[in-house]
1. Working carefully through the options A:Lys273, A:Lys294, A:Lys309, find the one that is surrounded by fewer than 23 Cβ atoms within 10 Å (Cβ to Cβ) and touching a Gly at 6+ places or on another chain (Cβ under 6 Å).
2. Quick check on region B:13-25: of everything there that is within 11 Å of chain A (Cβ to nearest Cβ) and assigned to a loop (DSSP other than H, G, I, E, B), which residue is modelled with the highest pLDDT?
3. Could you run through region B:200-217 and say how many residues are touching a Cys at 6+ places or on another chain (Cβ under 8 Å), of a type in the set (Gly, Ala, Ser) and in contact (Cβ under 8 Å) with a residue 40 or more places away in the chain?
4. So which residues in region B:116-129 are more than 9 Å from chain A (Cβ to nearest Cβ) and over 22 Å from B:Glu221 (Cβ atoms), if there are any at all?
5. Please specify each residue of region A:218-244 satisfying the condition of being surrounded by fewer than 24 Cβ atoms within 10 Å (Cβ to Cβ), over 15 Å from the mean Cα position of the chain (by Cα) and in contact (Cβ under 8 Å) with a residue 60 or more places away in the chain.
6. Exactly one of these conditions fails for A:Trp266: (1) free of Cβ contacts under 8 Å to residues at least 12 places away in the same chain; (2) closer than 30 Å to A:Glu55 by Cα; (3) in the same structural domain as A:Gly112 (by TED's automatic domain parsing). Give me its number.
7. Looking at (1) buried (at least 18 other Cβ atoms within 10 Å of the Cβ); (2) in contact with a Gly (Cβ under 8 Å, 6 or more places away or on another chain), find the lone condition where B:Lys34 falls short.
8. Just to verify a result, which residue in region B:79-114, among those that are of a type in the set (D, E, K, R) and assigned to a helix (DSSP H, G or I), is farthest from the other protein chains (Cβ to nearest Cβ)?
Number of protein chains: 2
Amino acid sequence: MLSINKNYLNIKESYLFSDIAAKVAAFTKAHPEKKIIKMGIGDVTRPLCESVIKEMTYAVNEMGKAETFHGYGPEQGYGFIKDSVQGYYAENGVNLENNEIFISDGAKSDLGNILDLFSNDNTVLIPDPVYPVYVDTNIMDGRKIIFADSNEANGFLPLPDTNIQADIIYICSPNNPTGAVYDREQLKLWVDYANKNGSIILFDAAYEAFIGDDHPRSIYEIEGAKTCAIEFCSLSKTAGFTGTRMGYTVVPHLLKFDNVELNKLWLRRQTTKFNGVSYVVQKAALGAFTPEGKSQIRENIAYYKENAKIITDTMDELNIWYTGGKNSPYVWLKCPNNMESWEFFDYLLAKTGVVGTPGAGFGNNGKYFFRLTAFSTKENTIEAMKKFKELFA
Amino acid sequence: MLSINKNYLNIKESYLFSDIAAKVAAFTKAHPEKKIIKMGIGDVTRPLCESVIKEMTYAVNEMGKAETFHGYGPEQGYGFIKDSVQGYYAENGVNLENNEIFISDGAKSDLGNILDLFSNDNTVLIPDPVYPVYVDTNIMDGRKIIFADSNEANGFLPLPDTNIQADIIYICSPNNPTGAVYDREQLKLWVDYANKNGSIILFDAAYEAFIGDDHPRSIYEIEGAKTCAIEFCSLSKTAGFTGTRMGYTVVPHLLKFDNVELNKLWLRRQTTKFNGVSYVVQKAALGAFTPEGKSQIRENIAYYKENAKIITDTMDELNIWYTGGKNSPYVWLKCPNNMESWEFFDYLLAKTGVVGTPGAGFGNNGKYFFRLTAFSTKENTIEAMKKFKELFA
């Protein structure tokens, strides 16, 4: 008689975005004349850049002709795209071997699938608030989870607590949802903690392209990280690939636990349970790494960052406490007037038509906070912030 | 201190295709003048059909414009492609609900990932010989595996043994590597066994498009299958998507174990650990389901099936025992002169330059068998079979 994985029954159903959608739908029905400005979901709105479209179009044509058709490719990605990622890291002074880079259909897949490599009796340390996938994927395996308090006092950048023994540590920097970014000294504390304790850091760098100053874009910029960290990155926010789907994961050869190279285990996992990313998508990604592609991407990111500045300028003007917005597309603000996040959601929607994401959806420590994203149009961002000012001035 | 998933250490390294490549390279070096005809690897060679290219090109253009850009899509696939799959099943008399269909990046991913839903203390029944992924993915989880003898006596179509208690049962029909196909009565025996024992059947239908007669293309053509089977399918062999990557998995609502709907668990798994297939790939797949696309695909499959017939006609003429080739791109032949499969590989390569796959690579019962595929060009297939005849006549 088949028995199911009962850990699944312990996952809390998340209704965050469906609850938001239901509230917005009810509001629109009651007030059909009111304009809604969506600053909630973390999806991009700018189209793929010219260089990406050009490469992808070329690849589609190749696939239509027998002489240039591509069948099965390497599970871990074509050489041409691994070389591009390798070059991109080298620009930040990080030297990787080509076979330390694994191309995948996105960071979300790899962040979940990487757990295949670890025993279920490890203890996991996850910041609260955070991207809910870290928590749910570990509940599915039945691992013990402890939370690192991320809050106003530490600027939503918790540091290691040497009294706690954690085997698997999640760090997301720039953070989703708080937009907070670790500096070198802070990341070094985490790397040293992990190396001392024999822990692994799962470093989610999905928003690294938004870093515009000296904050580290990769954990491998920190000395010692190659013996304790796997890094996950994605073109979703870097090049607008949320619907095109490509990411990459770095597993250094120096990463050894129980005398086994994790790189070999991950290669084994990927060759057994994955068949590589679509050739046309890998070619499209190549277009994001050419000099012209990089420049076109930078323009899109500058556009979003200008939106983020419009938001943070408004928060500064209104004296509203926040993190993020500088090296991140997210602004995480403290709800005015001690409102709880859902209360604030309702209030903001009713008064302004602006939709954000209640912080409670990301963990207990988000109860009095609210996430706004910079992925709207500039016009809508300006309009939303004008309404904010009228409401809270 | 992090501990790894030690089950990984129990997986046998597979050198099947790398050993073949090394032998071919050595032969080519020694005999640079000899032509090699590759009939080993199961990859397609015909390009994507016009209708697929047309839809994919259209989608790439959409992605380049803000008004038609697509960001995150539903993790389980867009409605338009689920509707197409639903319609395709309906043509074979199988009625599915739209949300019983999950779009993914390929059957290989889903066949591995589905195991997330099942406890590791289930017993697994896997035919020998078979596609090695079934075995390896279960070793990774530490499940007990028992093998169903698939051999000349049962035509490589083993039937249920009521003395054995298996919780998870793998069936691949048309089979990889043997090309053997279950008929309705045989599949009904498996469905009845599974329903009686509370087992689940994981039905791999990746080669269903090659069935040209009354053999079932879907396990849901068998009464009772919706309470005991998950079906995996793919456009890889159907529409030449091996490098384009799209598959689909069917999880019927009637499938309940421990009072839990597996459909809900799989939805949860996919929304947590997957972010959907590239929009352009889903649109490309749509092109395979239009009337013109279906007709173009049928032409490609007819081309491969003609190759298969050239192979089986030769085997018939030479009185070599085989399975497959009729409703399958694979011909699984008994090595002439009682040769073992690797011995035969070397002999065939040396004498004819034809490369096939030694049956030993698929399990113990493949020791005296050999797989040829119909995915070469017609010209090469004819030439290879001419050499076969000269050698064994």
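The values are calculated or read from the model by the stated rules, or taken from the named source; none is laboratory data. Predicted, not measured: the structure shown is a model, and the values here were computed from it. When we count neighbours, we look across all protein chains shown, and the Cβ atoms used for this are built from the backbone with ideal geometry, even at glycine.
1. Values: A:Lys294 fails: touching a Gly at 6+ places or on another chain (Cβ under 6 Å); A:Lys309 fails: touching a Gly at 6+ places or on another chain (Cβ under 6 Å).
Only one candidate qualifies: A:Lys273.
2. Of everything passing the filter in region B:13-25, B:Glu13 is modelled with the highest pLDDT.
3. The total comes to 1.
4. Pass one, region B:116-129, residues more than 9 Å from chain A (Cβ to nearest Cβ): B:123-129.
Answer for region B:116-129, where residues must be more than 9 Å from chain A (Cβ to nearest Cβ) and over 22 Å from B:Glu221 (Cβ atoms): B:Thr123, B:Val124, B:Ile126, B:Asp128, B:Pro129.
5. A:Glu221
6. (1)
7. If we test B:Lys34 against (1) buried (at least 18 other Cβ atoms within 10 Å of the Cβ); (2) in contact with a Gly (Cβ under 8 Å, 6 or more places away or on another chain), just (1) comes out false.
8. Filtering region B:79-114 down to residues of a type in the set (D, E, K, R) leaves B:82-83, B:91, B:97, B:100, B:105, B:108, B:110.
Then keep just the ones that are assigned to a helix (DSSP H, G or I); that gives B:82-83, B:91, B:100, B:108, B:110.
Details: B:Lys82: 16, B:Asp83: 19, B:Glu91: 26, B:Glu100: 18, B:Lys108: 5, B:Asp110: 9 Å.
The extreme case among them is B:Glu91.
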